[in-house]
Amino acid sequence: MEKSQIDDIDAQILKLRTALPIWGVEANDLVELARNAERAAIQVDERTMQRVRGLIETTTGWHNTLLYWEQQDAAPALSAEIRVLRGSLDAMRKEVSASARMFPS
């Protein structure tokens, strides 16, 4: 891997590390909202569904980027960091996807 590519990846990872906690809170909110909606058997408004789709799209895009970076010839430390971030995103995506299925139609 070239130094400029590594520097770019490092800058993007810094952005991702900043965004992950924010997305985590959003994911938790959506999961709780889905559970409440399921218990109450109420319809969820379109804005909430847009939040769900947006979070899934964003995390999927980052997941694919991290997967691409992981397949490059990165140093072991960078490769490990990429795998940890991808694992965090995978867990978040699974929770949000599962919660989306809980919303009454």
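The values are calculated or read from the model by the stated rules, or taken from the named source; none is laboratory data. Since we're looking at a predicted model, the values are computed, not measured. Positions of Cβ are backbone-derived with ideal geometry, glycine not excepted, and every protein chain shown enters the neighbour counts. Heavy atoms of the whole protein, side chains included, go into the accessibility calculation; ligands, DNA and RNA do not. Shrake-Rupley method; radii C 1.70, N 1.55, O 1.52, S 1.80 Å.
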Test: residue in segment 14-33 that is farther than 30 Å from F103 by Cα and out of contact with any Phe, Trp or Tyr (no Cβ under 6 Å at 6 or more places or on another chain): yes
Residues of segment 81-105 that turn out to be under 10 Å from the mean Cα position of the chain (by Cα), open to solvent by less than 80 Å² (accessible area, probe 1.4 Å) and not polar (S, T, N, Q), as a count: 9
Scope segment 57-97; condition closer than 22 Å to E26 by Cα, in contact (Cβ under 8 Å) with a residue 60 or more places away in the chain and not β-branched (V, I, T); matching residues: L85, S88, L89, M92, E95
Of all residues in segment 7-25 being open to solvent by less than 90 Å² (accessible area, probe 1.4 Å) and charged (D, E, K, R), the one that is farthest from A77 (Cα to Cα): D8
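Condition check ((1) surrounded by 14 or more Cβ atoms within 10 Å (Cβ to Cβ); (2) within 16 Å of the chain's Cα centre (by Cα); (3) β-branched (V, I, T); (4) at positive phi) across all residues:
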site	(1), (2), (3), (4)
Q5	no, no, no, no
A27	yes, yes, no, no
Q50	no, yes, no, no
T59	yes, yes, yes, no
S79	yes, no, no, no
Counted residues, segment 30-48 - those being part of a helix (DSSP H, G or I) and open to solvent by 80 Å² or more (accessible area, probe 1.4 Å): 6
